[in-house]
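Structure first, then comments.
Nothing in this text is a laboratory measurement; each read-out follows from the coordinates by a stated rule. Quantities reported herein were computed from a predicted structural model and do not represent experimental measurements. Cβ: placed from backbone, ideal geometry, glycine included. Neighbour counts: every protein chain shown.
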Ligand SMILES: NC(=O)c1ccc[n+]([C@@H]2O[C@H](COP(=O)([O-])OP(=O)(O)OC[C@H]3O[C@@H](n4cnc5c(N)ncnc54)[C@H](OP(=O)(O)O)[C@@H]3O)[C@@H](O)[C@H]2O)c1
């Protein structure tokens, strides 16, 4: 099968190449998915799981991309809950070959049914951004109606989902990002926007919850904005600073079928929009992941037309 592979961590997305790889087999409790569309999070090429298996053994050349939408083409021994021919979408195991390929072997529990009226391209754009936003807000952040939530990178893949979900939950959302992202963040439901290039972050004032996708100095300064009893949730690695009288949580997104169903239902009924940018074929994927200008929205690889 055709697949995108990586062999050299230092090369980043520039080191991606199109290659011929053996079609994977469905192990016990797996399904083999005929991939129709695939998503990729740039950060994953810096994570150890791209380069080694769970025991730390080299597993290159590895296939990146860990979200997909497609059709189940085979079941592994003992696999339950999904059937051959079923449309599915979901988040695959970080330590296994991923979804920038014509086929992917995935544990069935990591997938959810993809309703027939949701396009594969949309399905592949949802798992990481949707699950990360959901888990950050509701599982780790415990967001409540009436609270104030500061969402960094509110025009990005995760931030736009977090903005919409927090707003739907009844929170007052303040988005941040680059100056050019103001309109997009407000369009996704932020009530206010702090431009991190020109505004002073501290002027935002105290908030109940910070959802940080940027980290570094932005994350550290955000800890000081968390109100007593509030929470700093970050997906950008362990926080360098903690709220004086609140919690700081960093986490890695996990697959969850029930949450995927909640997310896709919101897409179907119009409560949630996904920020898709470039859509490219597998043959053009390397170029799509190495844009010459600033990429807006999530790049989705349409593996089958
Ligand atoms: N822990 C987890 O489970 C998990 C899950 C998903 C993602 N992640 C990580 O979270 C990060 C965000 O992911 P994503 O998919 O949402 O990325 P994304 O679509 O690129 O969104 C990030 C947004 O933040 C903006 N931004 C970044 N640095 C900024 C700065 N210094 N000032 C102002 N705006 C800034 C970006 O603008 P530009 O595009 O102009 O930079 C973009 O709009 C990535 O590092 C990813 O690896 C972690």
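Within the range 208-221, how many residues are touching a helix residue (DSSP H, G or I) at 6+ places or on another chain (Cβ under 7 Å), more than 10 Å from the ligand (Cβ to nearest atom) and under 20 Å from residue 134 (Cα atoms)?
2
Restricting to the range 8-24, count the residues that are in contact with a helix residue (DSSP H, G or I) (Cβ under 7 Å, 6 or more places away or on another chain), free of Cβ contacts under 8 Å to residues at least 60 places away in the same chain and not in a helix (DSSP H, G or I).
Residues that pass the stated criteria total 1.
Per-residue answers, yes or no, for (1) touching a helix residue (DSSP H, G or I) at 6+ places or on another chain (Cβ under 8 Å); (2) under 20 Å from residue 258 (Cα atoms):
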| site | (1), (2) |
| --- | --- |
| 31 | yes, yes |
| 38 | yes, no |
| 47 | no, no |
| 55 | no, no |
| 61 | no, no |
| 72 | no, yes |
| 104 | no, no |
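Output the number of residues of the range 119-151 satisfying the condition of being touching a helix residue (DSSP H, G or I) at 6+ places or on another chain (Cβ under 6 Å) and either at positive phi or assigned to a loop (DSSP other than H, G, I, E, B) (or both).
2
Go through (1) more than 18 Å from the chain's Cα centre (by Cα); (2) within 23 Å of residue 237 (Cα to Cα) and name the single condition residue 33 misses.
If we test residue 33 against (1) more than 18 Å from the chain's Cα centre (by Cα); (2) within 23 Å of residue 237 (Cα to Cα), just (2) comes out false.
Does residue 277 satisfy being assigned to a strand (DSSP E or B) and within 12 Å of the ligand (Cβ to nearest atom)?
yes
Among the residues of the range 287-304, write down those that are within 23 Å of residue 106 (Cβ to Cβ) and more than 16 Å from the ligand (Cβ to nearest atom). Steps first, answer last, please.
Filtering the range 287-304 down to residues within 23 Å of residue 106 (Cβ to Cβ) leaves 288-289, 298-304.
Once the filter is applied, which keeps residues that are within 23 Å of residue 106 (Cβ to Cβ) and more than 16 Å from the ligand (Cβ to nearest atom), the range 287-304 yields 302, 303, 304.
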